[in-house]
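Reading through the structure tokens given below for one structure.
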């Protein structure tokens, strides 16, 4: 996909890796974070991708494939769903927005073509039209409703709420409540006009606020083995009482009688290093490798922070080190997914569950 036209804005520095094609920042990193956090700036997410589903069977058909109940979505409703392997591992993480006659599927960069191919194979005789419209639509992100964008469809992040049929593996007091998130769907050829004079924040700001909100990101905090429970995605992306779908048996087994093998933790990194460790750096306790750094950023208030996937049974009170080649970064962990997550069958206290 071509670079965003917003990269022509003064001070724009292009992102890299998964966020190539849009700005990493516009020259004022802390200011951009503050403005985005306060709801006065928007972020260019035009490298994200968009797929549409049309046709009479779009809701009921997607419901048979996905981890979330989507068969009764009303126009204007937002949710999150996952497509899993038979083993319950995450293949696609999809933000779903219901329109009058369309389901908008919002995806991380590079996912649309693969998703369209998968859905096409699964369509059979269903009355569904699947289209990759990523060349036609772009996304703008914000932490507050934007009046100047009010005419455009908007996806509202359910995080960190517990949706119907969901289950939280973290404490009720959740920092994600301080970071609402809105994604506006804008025709790509209207992107510059839609932004107008709104201040812009780059992806470094987006990532810092996401990490502080404990919000896992597909392609960053996932790998080929990740199951929803490890990331606390059972709170927003899984309906534990819906009908069958691929991977449901694993989801139910781990939730009811097992435990996830890994869990997501928040890391407060030593700020005296003046650098950030590389993604994929080892997380250690002493000489023992206990996990991997999956996301990292410098937050305008909290300093260097990160997310990591660690072994389930490590002590949540233990100080850890993040090791990037010769550099060792001291870190304190905060529990996101509890070590006691899972084995819910017969348990009546402890975690938050929404009623049916």
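Just so it is clear, none of the values below were taken in a lab; they were calculated from the coordinates. This structure is a prediction, so every number in the text was calculated from the model and none was measured. Cβ placement follows ideal geometry from the backbone for every residue including glycine, while neighbour counts extend to all protein chains displayed.
Assorted remarks:
- Extents of segment 84-187, taken as max minus min of Cα coordinates on every principal axis and listed largest first, are 44, 40, 25 Å.
- Computed helical MRE - 222 nm, the chain, DSSP H runs ≥ 4 contributing -39500 (n - 2.57), nearest 500: -4500 deg cm²/dmol
- Cβ-derived FRET efficiency at R0 56 Å, residue 72 paired with residue 9, nearest 0.05: 0.85
- With bins 10 Å wide beginning at 0, the percent of Cα pairs of segment 1-81 falling in each bin runs 15, 32, 22, 25, 6.
- Gyration tensor over alpha-carbon atoms, segment 137-275, equivalent ellipsoid semi-axes in Å: 31, 21, 14
- Surface/4 estimate of mean projected area, convex hull on alpha-carbon atoms of segment 99-155, nm²: 5.0 nm²
- Segment 261-336: translational diffusion in µm²/s, Stokes-Einstein, Kirkwood Rh over Cα pairs, 25 °C, 0.890 mPa s: 204 µm²/s
- Antiparallel %, DSSP beta bridges [both residues in segment 5-212], to 5: 95 percent
- Quotient of Cα Rg and 2.2 N^0.38 Å for segment 223-356, N being how many residues it contains: 1.17
- Residue separation of residue 223 and residue 28 scaled by 0.36 nm, minus their Cα-Cα distance, works out to 67.0 nm of gained length.
- Sorted by Cβ density within 10 Å, fewest first, the residues 323, 290: 323, 290
- Two numbers describe the Cα atoms of the chain: Rg and Dmax, which are 20.0, 60 Å.
- Once you reduce segment 279-337 and segment 143-213 to the center of their Cα atoms, the two points are 26 Å from each other.
- Shape call, segment 47-110: gyration tensor on alpha carbons, a/c limit 1.5: oblate
- Proxy reagent accessibility, fewest Cβ within 10 Å first, across 287, 321, 207: 287, 321, 207
- Volume of the Cα convex hull of segment 195-298, divided per residue and given in Å³: 158 Å³
- Binned Cα-Cα distances of segment 5-212, short to long, each 5 Å bin given as a whole percent: 1, 7, 15, 19, 20, 16, 12, 7, 3, 1, 0
- Over segment 126-208, relative contact order from alpha-carbon pairs under 8 Å, at least 6 apart, %: 43 percent
- As a proxy for reagent exposure, ranking 57, 324, 197, 315 by other Cβ atoms within 10 Å from fewest up yields 197, 315, 57, 324.
- Computed extension gain for residue 122 through residue 334, at 0.36 nm per residue and net of the alpha carbon distance, reaches 72.3 nm.
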